[in-house]
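Written out below as structure tokens is the structure these notes cover.
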Amino acid sequence: MSSSVDHGVLVVTVHQDPGRSGETPLFTRIGDLVSAHRPAAVVVVLDRPASAGAALSVVLRVHGLCSGLGILMSVATGSAPARRALHAAADRTGVRLVVHARRHTAVTGTAFAAAA
């Protein structure tokens with residue numbers, strides 16, 4: 001995992017799927033970053049190797065955290081199956097999750113929405 005701030009948006013990139021045993025530690029690390037950068041909007045980027053399994057579960061948990069804190073969050077992943085899975089799972093929570101195909105689009109769109 002790596003992180004940066006781009007256009008005032010916290011960008012967290014997950015490079016590999018953490019597996020079930022790494023799910024909670026990854027969620028904790030991202031949650032700590034979200035808290036430290038609060039109230040900045042958040043974009044979670046899933047690299048191709050991290051676009052399935054436990055990483056998707058972590059993204060959904062982070063989405064719940066951000067929603068509860070009133071923080072705008074979106075996701076970027078080049079994986080169409082991952083985008084569909086995230087949309088379907090997030091729709092059940094009642095809070096819309098915006099999922100983009102490209103990092104740049106996610107960051108600029110999230111920055112624009114946060115500024116509005």
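For the reader, a short list of remarks on this structure follows.
- Less than 5 angstrom separates the built amide H of V11 from those of S4, V5, D6, V43, all sequence-distant by 5 or more or on a different chain.
- Identified option (computed semi-axes √(5λ) of the Cα gyration tensor in Å; candidates [x] 20, 17, 15; [y] 19, 15, 14; [z] 35, 17, 13): [y]
- For the chain, DSSP calls about 30 percent of its internal beta bridges antiparallel.
- Magnitude of the charge dipole for the chain, about its Cα centre and with charges confined to Cβ atoms of Lys, Arg (+1) and Asp, Glu (-1), is about 220 debye.
- Each residue of the stretch 5-21 is assigned a 3J(HN,Hα), and the resulting list reads 10, 9, 6, x, 10, 6, 10, 10, 10, 9, 8, 9, 5, x, x, 4, 6 Hz, derived from the Karplus form 6.51 cos²θ - 1.76 cosθ + 1.60 (θ = phi - 60°), x at Gly and Pro.
- Length-normalised contact order for the chain - Cα pairs under 8 Å, 6+ apart - percent: 27 percent
- Of R38, R83, the order by accessible heavy-atom surface (1.4 Å probe, DNA, RNA and ligands excluded), from most exposed downward, is R38, R83.
The values are calculated or read from the model by the stated rules, or taken from the named source; none is laboratory data. Every value quoted in this text rests on a predicted model; they were computed, and no experiment measured them. FYI the Cβ positions are ideal-geometry reconstructions off the backbone, even for glycines, and counts take in every protein chain you see. Note: accessible area is taken over every heavy atom of the protein model, side chains too, but ligands, DNA and RNA are not part of it. Shrake-Rupley method; radii C 1.70, N 1.55, O 1.52, S 1.80 Å.
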